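The structure appears right after this line, and notes come after that.
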Amino acid sequence: MLDDNEVERVLVVTAHPDDVDFGAAGTVALWTATGVEVTYCVSTDGDAGGFDLAVDRADIPRIRRAEQVEAAKQVGVHDVRFLGYRDGSLVPTIELRRDISRVIRQVRPQRMVIQSPDRNWSRIGASHPDHLAAGAAAIAAIYPDARNPFAHTELLRDEGLEAWTVSETWLQAHPENNHWVDITDVIDAKLAALRAHESQTAHMEGFEERMRGWFGANAERAGLPEGHLAEGFYVLSTA
């Protein structure tokens, strides 16, 4: 693994607004606190989400974008980009791979956080088809697309974006995590980020207790002391 001191820029790619906050907001808060620049790239506007039938569905993309921008601020992230694909219809097309490659070449991250393209049968809710598609497109953008000057040649020809190699990739919601991050000290920031997604979380009874239960179980799997909280990832070299 890269030492955190080697990392200046991190790019997080997800399917929906709120995905990063459920999976990695605590880890992101720890990184930004040390001066790491973190960028979010959200593939859809989450237009198929929400629970309030009284809300005009045409307003959902605007609401969910605003919620993600506010959630990002809670953990020190000020660069949030949306690709504008349809929620519920995401597939790992060449176009999505190109659009993620563009952001990789713009941000030039040493580390990326993406969603697992592998279905997690023990946590089926984490394996929404859009999550799997975003993960598949992101890992293809990481390797081979973004580093290959002969892939998506219009990015170099028309936009001047040089090839870039991402050294390390962290997968959210992978079936077999191999790395755990203790987020006990930043749980309040993570919860604030999640609460910013009011359209998704306001109806959840016992929300904080549920979240603490999830991340407490992660800490137990990680062998951390009782009372600690953790986020889990599968980390691999993509250099």
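Toward the positive end of the charge dipole of the chain, about the Cα centre and with charges on Cβ (Lys, Arg +1; Asp, Glu -1), which of 165, 28, 183 goes farthest?
In the chain, that residue is 165.
Apply the Karplus curve 6.51 cos²θ - 1.76 cosθ + 1.60, θ = phi - 60°, to the phi angles in the stretch 195-206 and return the couplings in whole Hz, x for Gly and Pro.
Couplings: 5, 4, 7, 4, 5, 10, 10, 4, 8, 7, 6, x Hz.
Given DSSP loops and a limit of at most 15 other Cβ atoms within 10 Å, what is the longest stretch of the chain that contains no such chymotrypsin sites (Phe, Trp or Tyr not before Pro)? Display every interim value, and only then the final one.
Working: sites that count: 51, 121, 150.
With a cap of 15 other Cβ atoms within 10 Å, the longest stretch comes to 151-239.
Among 155, 194, 11, which one moves the most in a GNM of the chain with springs linking Cα atoms closer than 10 Å?
155
Which ³J(HN,Hα) values in Hz, rounded to whole numbers, follow from the phi angles of the stretch 56-62 under the Karplus curve 6.51 cos²θ - 1.76 cosθ + 1.60, where θ = phi - 60° and Gly and Pro get x?
So the J values, rounded to whole Hz, are 5, 4, 5, 8, 4, x, 4.
Taking every DSSP beta bridge with both residues inside the chain, roughly what % is antiparallel (nearest 5)?
DSSP beta bridges in the chain are roughly 30 percent antiparallel.
Would you pull out the residues with amide H under 5 Å of residue 110's amide H, same chain only if 5 or more places away, H placed 1.01 Å from N?
Those qualifying (amide H under 5 Å, at least 5 residues apart or on another chain) are 8, 9.
Got a sec to turn the phi values of the stretch 84-89 into Karplus ³J(HN,Hα) couplings, 6.51 cos²θ - 1.76 cosθ + 1.60 with θ = phi - 60°, whole Hz, x for Gly and Pro?
x, 6, 6, 5, x, 10
None of the figures in this text is laboratory data; all of them are computed from the coordinates on show. None of the values given here were measured: they were computed from a predicted structure. Using ideal geometry, Cβ is built from the backbone for each residue, glycine included, and neighbour counts are taken over all protein chains shown.
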